[in-house]
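Okay, structure first, notes after.
The values are calculated or read from the model by the stated rules, or taken from the named source; none is laboratory data. As the structure is a prediction and not an experimental result, all values here were calculated from the model. Here the Cβ is made from the backbone with ideal geometry for all residues, glycine too, and neighbour counts use every protein chain on show. To get the accessible areas, we keep the full protein, side chains included, count just its heavy atoms, and leave off ligands, DNA and RNA. Shrake-Rupley method; radii C 1.70, N 1.55, O 1.52, S 1.80 Å.
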Amino acid sequence: MRFGTYEVDLRLGELRKNGIRVKLTGQPFQILAILLEHPGDLVTREQLQRRLWPSDTFVDFDSGLNAAINRVREALGDSAENPRFVETLPRRGYRFIAQLIDSRPTNATLLAPKSNVSPAQTITGQGALPASEASERRPFSRRLLIGGVFMLAVLAVAVALLSRLSRRSSGWDFQAMKLSRVTQSGNAINVAISPDGRYVVYVLREGEKQSLNVRQVATGSDVQILPPDEVWIWSLTFSPDANYIDFVRSEKPNFTDTHLYRMPVLGGTPHLAMQGGIDFGSSYSPDGRQFAFLRVANSGPGKVDVLIAKADGSDERVLATRPYRDADIGVAWSPDGKTVAFTTSEAAKKLRSSLCAISVADGSVREIYSIPDTIGRPRWLPDGSGLLAPIGNAGQAFRGQLWFISYPRGEARRLTNDLMDYQLCCLDLTPDGKTLVDTELATVSNLWLAPVGNTAKAKQITTKEFAVGGFSWMPDGRIIFASQDGNLYAVNQDGSGRIRLTPDDSSNWDPSVCGDGRYIVYAAYREQKRGIWRMSADGSNPIRIADETFAIRPQCSPDGKWVVYVRGPSWTPVKVPITGAKPPEVLAQDFENGFGNPLRISPDGKRIMYLASPEPPENPSSPSASNPYQLKVIPSDGGADLYKFDWPASASAPLWAPAGDAVEYALTRSGVTNIWRQKLGGGPPKQITNFESGQIFDFAWSHDGRQLALTRGSESSDVILISNFR
């Protein structure tokens with residue numbers, strides 16, 4: 001069936017525009033299919049819930065449906081304010097309003113073996129909408145629906161019966177599952193649950209500061225046990241007796257200088273349990289006498305150590321060393337005490353993530369499961385039959401869902417199928433296996449334009465349909481930006497004329513326009529590699545110019561002849577010609593990329609700026625002996641430092657000022673981000689924007705220096721609790 005320049009093939013589950021496939025799958029495509037079944041009719045939110053989220057699944061329905069509708073509108077180039085296709089009826093539902101042409105043969109069906117839409121989810125045999133819920137009926141041919149209702153109903157019953165048998169045999173009880181939000185602030189960013197399931201400890205983000213809080217699950221009452229400070233806190237772990245909470249805290253001004261602390265759950269003085277060396281979540285042995293943890297620093301670039309130590313932090317020893325790239329990973333000690341499971345990600349010939357088991361007795365390692373996607377923090381089920389873990393889908397910008405991986409066979413099964421983004425860092429499970437917690441992240445980020453020196457006149461030019469990532473200016477004033485789901489777009493300064501430049505289904509990030517506007521360079525995920533690519537300004541002729549396994553943050557030079565980027569997992573800054581004819585050239589060895597920091601080419605193309613690793617502390621035995629990062633400016637062909645000075649704690653990655661005589665950065669104070677400028681020649685920094693609300697994720701000046709583009713918005717993260725699933 002067709003509408004406008006779009007065509008929908010319900011049999012194949014595909015949406016096309018002018019013959020080119022548009023990325024729309026899963027529940028968003030199913031919603032579009034349901035709306036097309038009833039053009040002109042109101043389809044209520046409740047009906048969509050019954051059709052797409054049956055009783056044997058658990059989701060945050062409101063946020064899931066809103067996100068799905070936004071993805072439909074994004075694929076159609078539609079908007080909620082001025083809809084051409086999907087109209088919102090506030091608090092009621094949605095209606096498809098465009099003229100529809102049914103171009104299918106009369107004997108077609110909505111389901112076929114090649115369909116990428118699950119028959120259990122796309123059931124069109126539930127009949128037409130009740131007359132009481134229809135509004136402004138419009139003519140529509142239903143030739144397909146009459147012939148397919150009976151067969152689809154039979155199929156739905158069969159699928160339901162098989163699903164019930166599967167649930168009984170596997171021990172999962174999806175119908176009884178309950179999902180709830182433990183927090184509502186949008187600022188809970190890490191979590192652990194007590195062994196008895198009564199308490200949840202979480203990190204509360206308060207602007208640039210973080211605190212530690214305890215929530216009683218039954219009553220919802222909160223107690224702050226660690227006051228806010230300008231530090232980072234993560235890796236929360238309850239002691240087996242539930243009396244203490246372990247956490248890793250950074251030191252100022254170097255956020256990579258971290259130590260393990262232990263404190264009473266209901267408040268008290270934190271005790272330094274282990275100085276340094278814990279990079280991800282820990283896990284206690286069943287008897288509580290030891291704990292396992294991971295350490296990246298001591299194994300060299302691209303390696304991670306699995307260690308165990310006594311509960312007091314003494315007598316640590318390395319069990320195994322494995323490949324590692326930058327990702328949230330974790331460790332879990334088995335219920336029988338014999339095995340430590342851990343996840344790791346590597347970037348050798350291809351990107352892959354694996355769940356491994358290591359014998360506590362002899363240190364032998366066995367890989368249980370591997371996948372191109374990223375596996376996060378694992379947790380054992382109480383009977384040792386397998387582990388739960390969040391997995392980030394590489395084809396969907398690494399959006400996380402919850403999975404079960406059996407042990408020892410390594411058979412994986414997806415447990416959630418919703419539009420939430422479960423974080424890879426933070427899954428925790430009670431010892432009885434009945435209750436789990438995680439954090440769920442939602443990002444709102446839009447493009448804004450402000451004239452130089454007048455942020456009061458800043459205007460938003462993109463809608464809230466999806467989050468905007470990195471971006472770059474074209475010489476003609478257009479902006480190239482990446483969406484959160486991995487697509488690249490071009491848009492005019494007033495928000496009009498939005499064009500998608502990457503029609504394929506792969507993930508793309510970090511666009512950078514070359515100075516002459518001829519090419520755009522970007523990072524792209526292809527064939528289990530994240531390499532550096534180049535395309536023409538209109539999106540045509542994509543070519544890989546650096547065949548890396550893991551590369552990020554490309555930037556094209558002003559003359560369009562060369563590109564710099566960062567090669568992982570060792571975070572090496574390199575330079576390559578735009579043609580890709582020569583191998584990459586290493587620029588520096590002390591580059592620091594712990595937070596995704598890029599290299600920056602000066603406006604004249606003669607200098608490169610980057611953040612360097614901190615100097616070693618003078619007194620390593622002191623947990624407060626932390627040194628700041630260094631900002632360095634070097635010649636574009638490498639060489640001795642031209643400038644070097646300390647970089648402010650909490651500042652974003654640096655960018656060049658338009659004149660090339662200063663650097664700029666975003667700094668958040670009291671939850672509000674503004675931009676500051678620091679002259680290379682010295683002197684105090686100067687604030688150059690005056691926003692009174694919101695966060696700034698990225699910014700860049702136009703080629704003439706008259707306009708400042710920013711991505712502004714917010715990140716909302718809350719604790720999700722799921723119970724009664726076994």
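Assorted remarks:
- Evaluation of residue 319 against (1) more than 25 Å from residue 348 (Cβ to Cβ); (2) in a strand (DSSP E or B) (one fails), failing number: (1)
- Hey, residue 665 part of a strand (DSSP E or B), open to solvent by less than 50 Å² (accessible area, probe 1.4 Å), at pLDDT 90 or above and of a type in the set (Phe, Trp, Tyr) or not: yes
- In region 15-40, the qualifying residues are those that are within 25 Å of the chain's Cα centre (by Cα) and more than 16 Å from residue 85 (Cα to Cα), and the one that is modelled with the highest pLDDT is 27.
- Yes/no for residue 328 being on the phi > 0 side of the Ramachandran plot and either in contact (Cβ under 8 Å) with a residue 60 or more places away in the chain or open to solvent by 30 Å² or more (accessible area, probe 1.4 Å) (or both): no
- Residue in region 648-660 that is closer than 23 Å to residue 461 by Cβ, over 28 Å from the mean Cα position of the chain (by Cα) and polar (S, T, N, Q) present: no
- Test: residue in region 430-451 that is over 25 Å from residue 190 (Cα atoms) and among the basic types (Lys, Arg): no
- Only one entry of 537, 523 meets the criterion of being open to solvent by 10 Å² or more (accessible area, probe 1.4 Å) and among the small types (Gly, Ala, Ser), and that entry is 537.
- Region 260-305, subset among the acidic types (Asp, Glu) and open to solvent by 30 Å² or more (accessible area, probe 1.4 Å), residue modelled with the highest pLDDT: 287
- Qualifying residue in region 400-412 (condition: of a type in the set (Ser, Thr, Tyr), surrounded by fewer than 18 Cβ atoms within 10 Å (Cβ to Cβ) and more than 28 Å from residue 51 (Cβ to Cβ)): yes
- On the stretch given as region 433-461, residues that are β-branched (Val, Ile, Thr), modelled with pLDDT under 90 and under 18 Å from the mean Cα position of the chain (by Cα) total 2.
- Residues satisfying the stated conditions in region 23-39, i.e. surrounded by fewer than 19 Cβ atoms within 10 Å (Cβ to Cβ) and farther than 22 Å from residue 418 by Cβ: 36
- Considering region 290-315, the residues that are in a loop (DSSP other than H, G, I, E, B) and in contact (Cβ under 8 Å) with a residue 12 or more places away in the chain include one that is farthest from the chain's Cα centre (by Cα), namely 312.
- The C-beta contact set for region 668-695 (first residue farther than 17 Å from residue 650 by Cα, second residue of a type in the set (Phe, Trp, Tyr), distance under 8 angstrom, 6+ apart or interchain) comprises 680/643; 682/645; 688/676.
- Residue, farthest from residue 41 (Cα to Cα), within region 71-94, restricted to residues that are in a loop (DSSP other than H, G, I, E, B) and hydrophobic (A, V, I, L, M, F, W, C): 80
- Looking across region 413-435, the residues that are open to solvent by less than 10 Å² (accessible area, probe 1.4 Å) and among the β-branched types (Val, Ile, Thr) come down to 416, 430.
- Taking (1) in contact with a strand residue (DSSP E or B) (Cβ under 6 Å, 6 or more places away or on another chain); (2) open to solvent by 10 Å² or more (accessible area, probe 1.4 Å); (3) at negative phi in turn, residue 438 satisfies each apart from (2).
- Region 556-571 - residue that is open to solvent by 40 Å² or more (accessible area, probe 1.4 Å) and within 26 Å of the chain's Cα centre (by Cα) and, of those, nearest to residue 481 (Cα to Cα): 567
- Screening the candidates 59, 43 for the property of being of a type in the set (Val, Ile, Thr) and at pLDDT below 80 yields one hit, 59.
- For region 540-551, a tally of residues being in a strand (DSSP E or B) and either touching a Lys or Arg at 6+ places or on another chain (Cβ under 7 Å) or open to solvent by 30 Å² or more (accessible area, probe 1.4 Å) (or both) returns 5.
- One residue stands out among those in region 193-245 that are in a strand (DSSP E or B) and of a type in the set (Ser, Thr, Tyr): the one that is modelled with the lowest pLDDT, which is 235.
- Here is the figure for region 380-399: residues that are touching a strand residue (DSSP E or B) at 6+ places or on another chain (Cβ under 7 Å) and either within 29 Å of residue 68 (Cα to Cα) or buried (at least 22 other Cβ atoms within 10 Å of the Cβ) (or both) total 12.
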